[in-house]
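Below: one structure, written as structure tokens.
The values are calculated or read from the model by the stated rules, or taken from the named source; none is laboratory data. Note that the coordinates shown come from a computational prediction; the quantities given were computed from them, not determined experimentally. For neighbour counting, all protein chains shown are included, and Cβ atoms are generated from backbone atoms with ideal geometry for every residue, glycine included.
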Amino acid sequence: MRVRFATDRLCAASDLPNDSERVDVVVVGAGSAGACAALEAHRNGARVVVLEKQVAAGGTSARAAGQLYLGGGTALQRACGFEDPPEEMRKYMLRACGPGAPEDKIDLFTQESVAHYDWLVEQGVPFRASFVPTTEATNPPGPDGLTYTGNEPAYPWREEARPAPRGHNVECEGDSGHVLMKALLATVAREGIEVRTGVETTRLAVDAEGRIVGVGVRDDAGERFVRAERGVILCTGGFGFNREMLERYAPTFLECTPVGTAAEDGLGLRLGMAAGGDAIRMSAGSVMIPFSKPRSLVRGVLVNARGERYVNEDVYQATHGALALDRQDGIGFLILDADTYAEPQLPYPVCAESDSIEGLEAQLELPPGKLVETMQRWNEGAARGEDPLFRKAKEWITPLEKAPFRALDLRRQTFPYPFFTLGGLRTDLDGRVLTPEGEVITGLYAAGRVASGIPASGYNSGMSLSDCTFFGRRAGRAAAGSP
């Protein structure tokens, strides 16, 4: 039978061949969201198949640093001597994930974060019971289990919620996303869930009532169809590698560098939108200036094109990225003296060096006298252990007085800022995709960066993997329970 497609991304269920394969739940994407969705759907009695476009499972999660943002008093936090009441975590996340932070999702996540950590450990994800102080933390992290990964110790966040380290690092030297995915995929395989790689999902099948009942797929054998009796879960990642979508929805990031895999091309988003799904916060993303590698570089002074400070330098790297991109035209210089300079781990070049601040100012072509004034003000406060302008934490305050003075080039044109998208399909607490009117599209679910999740328009390291795994699980359970 010839299939007649309603749109490029939809086909009518009535036109699907009668001999199409049938399962209960189709999971599209085999990253952390997809693996967790598949496990929970399977454990709730569904016949599950996972379809992955790339030649190997793992997705962007396998390339991630391997940090999960968890708290509320996890076993790891307690083992390292930290108390973290869920309400304090909630207060911080509402500020850190906004504006537009989804209160219902954050409430649920903070209430169940401890249980989610325990679930990850049960799947074989390893965490070492050791804490790395902020002054010693590196990125990528070492094998130690617990670190600060956001703005918790920085002003003004530290005054709005009690600081606690919530970065739970999967145990490994260096980036450990591959260790996380190895554990999750091993559990998927052990439970007999089929993962098919090299299979691209091209269409959603919709019945006369608007329910999503299957997918069209393409691989080396051509195009065929898989019916989903209970639901389809989209776990395909964001759209940072789709320049056309960036031009339309998030042009701010066009001159930045996407992180992840080329498979994050927005296909899942386009499938969901074709089915009537509401795409929200599409201009949002996490853009980073990861200059604090090593962390000691935070003791420097960050100035803009006018030679003025505009932020306390100890804030999180995505806060730096957002401020520089949105308010400073992507221009910034980190001023260091002989005692604070260290070679950065990433290729940020020294763009000026002089035995005097005046000489540095001239080389950077800053307005005459502005950098001199900025550094005089900084050194006066630093001599008292204070930053009256931006309230940088005392551990990072030191006078910068010893020649030679250097400036690290943090301009976007020199080192394009890495970013990933945060906007996506609007979903409820169980991953059901919603229309602009708030109606459920029956049979369609989404989790991970294809959906707009906890990090609505603000970010801390580890929030994406936590969002993917936590709401992937919920989507899997919900889909398995669908009639």
Original post:
How about region 60-79: which of its residues are modelled with pLDDT of 95 or more, assigned to a loop (DSSP other than H, G, I, E, B) and within 25 Å of MET181 (Cβ to Cβ)?
Top reply: LEU70, GLY71, GLY72, THR74
**OP:** Name the one entry in PHE415, PHE419 that is part of a loop (DSSP other than H, G, I, E, B) and buried (at least 16 other Cβ atoms within 10 Å of the Cβ).
**Re:** PHE415
**OP:** Look at region 76-102 and say how many of its residues are over 17 Å from SER464 (Cα atoms) and surrounded by 15 or more Cβ atoms within 10 Å (Cβ to Cβ).
**Re:** 10
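Specify which of the listed residues (ALA57, ALA30) is part of a loop (DSSP other than H, G, I, E, B), modelled with pLDDT of 95 or more, in the same structural domain as ALA451 (by TED's automatic domain parsing) and in contact with an Asp or Glu (Cβ under 7 Å, 6 or more places away or on another chain).
Numbers: ALA57 fails: in contact with an Asp or Glu (Cβ under 7 Å, 6 or more places away or on another chain).
Every option except ALA30 fails the conditions.
From SER296, SER283, grab the single residue that is surrounded by fewer than 20 Cβ atoms within 10 Å (Cβ to Cβ), touching a Ser or Thr at 6+ places or on another chain (Cβ under 9 Å) and assigned to a helix (DSSP H, G or I). Lay out the reasoning, then the answer.
Numbers: SER283 fails: assigned to a helix (DSSP H, G or I).
Of the residues listed, the single one that is surrounded by fewer than 20 Cβ atoms within 10 Å (Cβ to Cβ), touching a Ser or Thr at 6+ places or on another chain (Cβ under 9 Å) and assigned to a helix (DSSP H, G or I) is SER296.
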Original post:
Just checking, which of GLU353, GLU343, GLU380 is over 28 Å from ALA96 (Cα atoms), part of a helix (DSSP H, G or I), out of contact with any Asp or Glu (no Cβ under 7 Å at 6 or more places or on another chain) and not hydroxyl-bearing (Ser, Thr, Tyr)?
Top reply: GLU380
**OP:** Please find, among GLU308, GLU353, GLU313, GLU365, the residue that is outside the structural domain of ARG158 (by TED's automatic domain parsing), in contact with a strand residue (DSSP E or B) (Cβ under 8 Å, 6 or more places away or on another chain) and either free of Cβ contacts under 8 Å to residues at least 24 places away in the same chain or surrounded by fewer than 19 Cβ atoms within 10 Å (Cβ to Cβ) (or both).
**Re:** GLU353
Subject >> Residue selected from region 65-75 under the condition surrounded by 18 or more Cβ atoms within 10 Å (Cβ to Cβ) and among the aliphatic types (A, V, I, L, M), by the criterion nearest to LYS293 (Cα to Cα) >> reply: ALA65
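Look at region 192-214 and say how many of its residues are part of a strand (DSSP E or B), surrounded by fewer than 16 Cβ atoms within 10 Å (Cβ to Cβ) and not polar (S, T, N, Q). Lay out the reasoning, then the answer.
From region 192-214, those part of a strand (DSSP E or B) are 194-197, 200-206, 212-214; that's our starting set.
Next, only the ones that are surrounded by fewer than 16 Cβ atoms within 10 Å (Cβ to Cβ) stay: 194, 196-197.
Adding the requirement that they be not polar (S, T, N, Q) leaves 194, 196.
Residues flagged as part of a strand (DSSP E or B), surrounded by fewer than 16 Cβ atoms within 10 Å (Cβ to Cβ) and not polar (S, T, N, Q) within region 192-214 amount to 2.
Please enumerate the residues belonging to region 220-265 that are assigned to a loop (DSSP other than H, G, I, E, B) and touching a strand residue (DSSP E or B) at 6+ places or on another chain (Cβ under 8 Å).
Initially, region 220-265 is screened for residues assigned to a loop (DSSP other than H, G, I, E, B), giving 220-221, 235-242, 250, 254-256, 259-265.
Residues satisfying the conditions are CYS235, THR236, GLY238, PHE239, GLY240, PHE241, ALA250, CYS256, VAL259, GLY260, GLU264.
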**OP:** Report yes if some residue within region 422-432 is among the acidic types (Asp, Glu) and more than 30 Å from ASP104 (Cα to Cα); otherwise report no.
**Re:** no
Original post:
How many of the residues making up region 442-483 are at pLDDT 95 or above and under 10 Å from GLY231 (Cβ atoms)?
Top reply: 9
Original post:
Given the conditions (1) crowded, with 17+ Cβ neighbours inside 10 Å; (2) under 30 Å from GLU152 (Cα atoms); (3) at pLDDT 95 or above, which single one is not true for ARG391?
Top reply: (1)
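Taking the condition in a loop (DSSP other than H, G, I, E, B) and either in contact with a strand residue (DSSP E or B) (Cβ under 7 Å, 6 or more places away or on another chain) or at pLDDT below 95 (or both), does ARG4 pass?
yes
Being under 34 Å from the mean Cα position of the chain (by Cα), surrounded by 22 or more Cβ atoms within 10 Å (Cβ to Cβ) and at pLDDT 95 or above narrows it down to one of LEU360, LEU302, so name that one.
Working: LEU360 fails: under 34 Å from the mean Cα position of the chain (by Cα).
The match here is LEU302.
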Subject >> Sole residue being aromatic (Phe, Trp, Tyr), touching a residue at least 60 places away in the same chain (Cβ under 8 Å) and in the same structural domain as ALA30 (by TED's automatic domain parsing), chosen from PHE253, PHE241 >> reply: PHE253
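THR60: touching a His at 6+ places or on another chain (Cβ under 9 Å), of a type in the set (Val, Ile, Thr) and in contact (Cβ under 8 Å) with a residue 24 or more places away in the chain, yes or no? Please lay out each step first, then the result.
On the way: touching a His at 6+ places or on another chain (Cβ under 9 Å): no; of a type in the set (Val, Ile, Thr): yes; in contact (Cβ under 8 Å) with a residue 24 or more places away in the chain: yes.
The answer is no for THR60.
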